[in-house]
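Report on the structure given below.
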Amino acid sequence: MSTPVLSVRGLAASIGHQPVVEHVDLEVQPGSVTAILGRNGAGKTSTIKGILGLIARTAGEVELAGERIDGLATHRIVQRGVGYVPEDREVFASLTVAENLRLAERDASPRRELVAELFPDIIARQAQRAGTLSGGQQQMVSLARALLNENRILLIDEPTKGLAPKLVTEVAEALARAAEVVPILLVEQNLQVAKHLAQSVVVIAGGRSVHAGPASEFFADEDRVERLLGVHGEAHA
Amino acid sequence: MSTVVLLLVTGLGLGALYFLVASGLSLIYGLMGVLNFAHGSFLTFAAFLGWETARALGADTWGALGVALLVGAAAGAIVAAGTELLLIRRLYERHIEQVLVTVGLALASVALFDGIWGTDPQFIRGPAWLAETTEILGARIPNNRFLLIAVAVVVLLLIVLFLRFTRYGLIIRAGVENRSMVTALGIDVRRAFTVVFAIGGAAAGIGGVLASHYFGYVSPQLGGSLLIFAFIVTVIGGLGSLPGAAVASVVVAVLQQFANFYLGGTGDLVVVLLLAVVLLVRPRGLFGRAA
């Protein structure tokens, strides 16, 4: 097996003095999507933030293509090719769509054509303030910011959260297209979307990774899905 | 009528001074969450250097005043950037320590200025035109008010252009809204912190040189006395809002002038009451965003 794009071993992280991630191991292979699954409050978002250094890491190792990055500041990690799409989008509401995208451009030749192809709707709204967009459109802006640069991996946190079913489908299609050009570590509560996109899954419970393996095997075992996630595999969480 | 015009223009001139101090305070708080109590020291230092420069060049010429303004802006920017790099940078997210350090710096700098320039005010001279008056609708307006208003408008425009059309301006506007997301886009937001301190220091430096012409002297307490009203302006306008700082500067200064004249010298009291009303009715200020 080739070197993982992202390798996390024994990650622990805290917010203030409160531990929110206790021991997480995971890997993302080149050209693949790995879904982080788990119940509410399990530590999925905190794992993503711990990898990026957005919350304090207290233990563990994080490697990007074999190179340690856990000692770096967040902006340095991102500069090395880690794109981030946060939970709740976090677009800059007072900036226009064009300004949101321009701010995210790091590369000398940003992939504007790819973004225009994937998200024609937001390109048509470049002069509009991002805060006035719908939730789905804001999600597109957030995804576009991450796709503008030649990242080695994208960390995407609950991209379909709070979206109408039609928009969930659109975002899932955009994610599938994105996965063609960059590996993804995806936190997703919507099991249908996770099942559709992921080749591997990692289940987190109580701040610890409790299962890792191929997505097809995981979703085939409905008892395990129900035991670990508290939902039926066919249901939306 | 002439009294109203005089109070109005004098209020606008004082508001221009408040804005020059408050603009930096507001941007610094908006981006970094730092309440910078040392901001008045930047102003005082720049005012003294401006005064020394004008004296050396011939205080009654426009050229000397122009150079004094440039020296004041540069001095304010350098001292402010140095303060950020050497003291504040270690203390982000540590608000108590920030207050202690900036208050300590303010107190220490006043003592330093006392030691260098003495405790007495140093009376200044400028171009003769500034000491003259111009009649508008029957009111004889001191000419230095026009200079203050013009310079404040230019500074406001320059800051707006910088924020709107430069990459750092974009980073600062985004950072005021969501600093951690700017970092998560791979941007070293700390560089923007230094830039904002330098811009705020430059505006305060210009304000220092102009304040010495408005009051007719420069003293070690000059910055401290203006800083109190600049903080009030910043809170009323909305922490982090440049338009808020501009509007609140004018409102506070004009109200202060009218209350001083018509309500028996109660200008300061009225301003504090206005602050209390704004905090009760609209705690985030006139232009501030909801938390």
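Bear in mind that the values in this text are calculations on the coordinates, not laboratory data. Here the structure is a predicted model, which means the values were calculated and not measured. In this analysis, Cβ positions are derived from the backbone assuming ideal geometry, glycine residues included, and neighbour counts consider all displayed protein chains.
Read through the list (1) part of a loop (DSSP other than H, G, I, E, B); (2) free of Cβ contacts under 8 Å to residues at least 60 places away in the same chain, then give the number of the only condition that A:ASN151 fails.
Unmet for A:ASN151, out of (1) part of a loop (DSSP other than H, G, I, E, B); (2) free of Cβ contacts under 8 Å to residues at least 60 places away in the same chain: (2).
Does B:ALA47 satisfy being outside any loop (DSSP other than H, G, I, E, B), in contact (Cβ under 8 Å) with a residue 12 or more places away in the chain and either farther than 26 Å from B:LEU7 by Cα or among the hydroxyl-bearing types (Ser, Thr, Tyr) (or both)?
Here the answer is no, as B:ALA47 does not meet what is asked.
When residues of region B:226-242 are filtered for being under 28 Å from B:GLY50 (Cα atoms), touching a residue at least 40 places away in the same chain (Cβ under 8 Å) and either surrounded by fewer than 20 Cβ atoms within 10 Å (Cβ to Cβ) or of a type in the set (Ser, Thr, Tyr) (or both), how many remain?
The qualifying residues number 1.
Considering only residues that are crowded, with 17+ Cβ neighbours inside 10 Å and of a type in the set (Gly, Ala, Ser), look in region A:95-146 and name the one that is farthest from B:ILE171 (Cα to Cα).
Checking each candidate, the answer is A:GLY136.
Just for region A:172-181: of the residues that are surrounded by fewer than 21 Cβ atoms within 10 Å (Cβ to Cβ) and not small (Gly, Ala, Ser), which one is farthest from A:LEU52 (Cα to Cα)?
A:GLU173
Condition test on B:LEU170, is it surrounded by 14 or more Cβ atoms within 10 Å (Cβ to Cβ) and in contact with a Lys or Arg (Cβ under 7 Å, 6 or more places away or on another chain)?
Criteria met by B:LEU170.
What tally of residues in region A:1-35 results from selecting those that are of a type in the set (A, V, I, L, M, F, W, C) and closer than 13 Å to A:ILE153 by Cβ?
6
Looking only at region A:56-68, filter to residues that are aliphatic (A, V, I, L, M) and surrounded by fewer than 20 Cβ atoms within 10 Å (Cβ to Cβ); which one of those is nearest to the other protein chains (Cβ to nearest Cβ)?
Applying the filter and picking the extreme gives A:ALA56.
Restricting to region A:166-216, what's the tally of residues that are farther than 23 Å from A:GLY81 by Cβ, under 15 Å from the mean Cα position of the chain (by Cα) and in a loop (DSSP other than H, G, I, E, B)?
2
Does region A:113-127 contain at least one residue that is within 14 Å of another protein chain (Cβ to nearest Cβ), hydrophobic (A, V, I, L, M, F, W, C) and under 19 Å from the mean Cα position of the chain (by Cα)?
Within region A:113-127, none of the residues are within 14 Å of another protein chain (Cβ to nearest Cβ), hydrophobic (A, V, I, L, M, F, W, C) and under 19 Å from the mean Cα position of the chain (by Cα).
How about region B:113-169: which of its residues are in a loop (DSSP other than H, G, I, E, B) and either basic (Lys, Arg) or touching a residue at least 24 places away in the same chain (Cβ under 8 Å) (or both)?
We begin by selecting, within region B:113-169, every residue in a loop (DSSP other than H, G, I, E, B); these are B:118-121, B:124-127, B:132, B:137-138, B:166.
Across region B:113-169, the qualifying residues are B:THR119, B:ASP120, B:PRO121, B:ILE124, B:ARG125, B:GLY126, B:PRO127, B:LEU137, B:GLY138.
Kindly list the number of the only condition in (1) among the β-branched types (Val, Ile, Thr); (2) farther than 17 Å from B:SER41 by Cβ; (3) within 22 Å of the chain's Cα centre (by Cα) that fails for B:THR102.
(2)
Taking helices (runs of 4 or more DSSP H) that do not extend beyond region B:173-291, which have at least 3 residues that are among the aromatic types (Phe, Trp, Tyr)?
The helices (runs of 4 or more DSSP H) meeting that bar are B:189-215, B:242-262.
Which is farther than 13 Å from B:GLY207 by Cα, part of a helix (DSSP H, G or I) and free of Cβ contacts under 8 Å to residues at least 40 places away in the same chain, of B:LEU31, B:LEU87? Steps first, please.
Working: B:LEU31 fails: free of Cβ contacts under 8 Å to residues at least 40 places away in the same chain.
Every option except B:LEU87 fails the conditions.
Scan region A:217-236 and tell me whether some residue there is buried (at least 17 other Cβ atoms within 10 Å of the Cβ), in contact with a Phe, Trp or Tyr (Cβ under 7 Å, 6 or more places away or on another chain) and not in a helix (DSSP H, G or I).
Yes: one or more hits.
Name the pairs whose Cβ atoms lie under 8 Å apart, with the first residue in region B:253-281 and touching a residue at least 12 places away in the same chain (Cβ under 8 Å), the second of a type in the set (Asp, Glu) and surrounded by 14 or more Cβ atoms within 10 Å (Cβ to Cβ), and 6 or more positions between them or separate chains?
Close Cβ pairs (under 8 Å, with a partner that is of a type in the set (Asp, Glu) and surrounded by 14 or more Cβ atoms within 10 Å (Cβ to Cβ)) amount to B:GLN256/B:ASP268.
Among the listed residues B:ARG145, B:ARG140, B:ARG167, identify the single one that is within 14 Å of chain A (Cβ to nearest Cβ), among the basic types (Lys, Arg) and touching a helix residue (DSSP H, G or I) at 6+ places or on another chain (Cβ under 9 Å).
Criteria check complete, one pass: B:ARG167.
Take region A:83-99 and flag every residue that is closer than 14 Å to A:ASN149 by Cα and at the interface with chain B (Cβ under 8 Å from one of its Cβ atoms).
The answer is A:TYR84, and nothing else.
Applying the selection to region B:117-159, what residues are of a type in the set (S, T, N, Q) and either in contact with a Cys (Cβ under 9 Å, 6 or more places away or on another chain) or surrounded by fewer than 13 Cβ atoms within 10 Å (Cβ to Cβ) (or both)?
Residue satisfying the conditions is B:THR119 alone.
Any residue in region A:6-28 that is out of contact with any strand residue (DSSP E or B) (no Cβ under 9 Å at 6 or more places or on another chain) and either more than 14 Å from chain B (Cβ to nearest Cβ) or touching a residue at least 60 places away in the same chain (Cβ under 8 Å) (or both)?
Here is the first cut: in region A:6-28, the ones out of contact with any strand residue (DSSP E or B) (no Cβ under 9 Å at 6 or more places or on another chain) are A:17-18.
Imposing the further condition that a residue be either more than 14 Å from chain B (Cβ to nearest Cβ) or touching a residue at least 60 places away in the same chain (Cβ under 8 Å) (or both) reduces the set to A:17-18.
The answer is yes, given that some residue of region A:6-28 is out of contact with any strand residue (DSSP E or B) (no Cβ under 9 Å at 6 or more places or on another chain) and either more than 14 Å from chain B (Cβ to nearest Cβ) or touching a residue at least 60 places away in the same chain (Cβ under 8 Å) (or both).
Which residues, taken from region B:177-194, are among the charged types (D, E, K, R), under 21 Å from A:GLY131 (Cβ atoms) and within 7 Å of another protein chain (Cβ to nearest Cβ)?
Matches in region B:177-194: B:GLU177 only.
Anything in region A:149-166 that is among the aliphatic types (A, V, I, L, M) and surrounded by 21 or more Cβ atoms within 10 Å (Cβ to Cβ)? List them, or say none.
Scanning region A:149-166 gives A:ILE153, A:LEU154, A:LEU155, A:ILE156.
If you go through region A:157-176 one residue at a time, how many are under 23 Å from A:SER2 (Cα atoms) and in contact (Cβ under 8 Å) with a residue 24 or more places away in the chain?
The total comes to 0.
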